Amino acid sequence: MSISHSLTSLTHNNVPFIWSDEVQQAMDLLKHAIISSTYIHPIDYTSQDEVILAVDSSHIACGWILSQVSKGKWYPSCFGSITWNDCESRYSQAKIELYSLFVPYVQQKFGSSDSKPSQLNSTQNLLKGCFKIWTYIQMLQ
């Protein structure tokens, strides 16, 4: 049985959602595994290495990963996701794509131009175009 089994069983149909000690222990183990992972690296904004925001979205939710490319390898720094509420889930696909680009900036509170990603990785051409325009506008300020 995997560490996450007790967590994923909460998502099954017709299973009552009960946050037990076993579920809490699984959550604590997974959080510790992520926090202590040697694979997650902080972003080095003093280097010339690219910082990349990868975004994926659907009508249900969006997820994102902020990474830095060093020596040809992607190193994730932080990640997140958000589930859309009932109103947001009815947005048009274009609006969902734009909103999913906005979410990481709000969650991570990107402030200075040094902390903003320099590239967007997405399968959505609309999103890539919007990111290019937004990056250009930031350069003009």
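All but one of (1) within 28 Å of Trp84 (Cβ to Cβ); (2) in contact (Cβ under 8 Å) with a residue 60 or more places away in the chain; (3) outside the structural domain of Asn85 (by TED's automatic domain parsing) hold for Pro16, so report the exception by its number.
Here Pro16 clears every test but (2).
Within the range 31-69, which residues are of a type in the set (Gly, Ala, Ser) and without any contact (Cβ under 8 Å) to a residue 24 or more places away in the chain?
Ser36, Ser37, Ser47, Ala61, Gly63, Ser67
Can you pull out the residues in the range 14-44 that are surrounded by 10 or more Cβ atoms within 10 Å (Cβ to Cβ) and among the charged types (D, E, K, R)?
Glu22, Asp28, Lys31, Asp44
Could you say whether any residue in the range 75-83 is over 23 Å from Lys31 (Cα atoms) and either out of contact with any Cys (no Cβ under 6 Å at 6 or more places or on another chain) or among the aromatic types (Phe, Trp, Tyr) (or both)?
Scanning the range 75-83 turns up no residue that is over 23 Å from Lys31 (Cα atoms) and either out of contact with any Cys (no Cβ under 6 Å at 6 or more places or on another chain) or among the aromatic types (Phe, Trp, Tyr) (or both).
Mind checking which residues of the range 75-95 are modelled with pLDDT of 85 or more and more than 11 Å from the chain's Cα centre (by Cα)?
Once the filter is applied, which keeps residues that are modelled with pLDDT of 85 or more and more than 11 Å from the chain's Cα centre (by Cα), the range 75-95 yields Tyr75, Thr83, Trp84, Asn85, Asp86, Cys87, Glu88, Ser89, Arg90, Tyr91, Ser92.
The values are calculated or read from the model by the stated rules, or taken from the named source; none is laboratory data. Please read all numbers here as calculations on a predicted model, not as lab measurements. Counting neighbours? That spans all protein chains shown, and the Cβs are built from the backbone with ideal geometry, glycine included.
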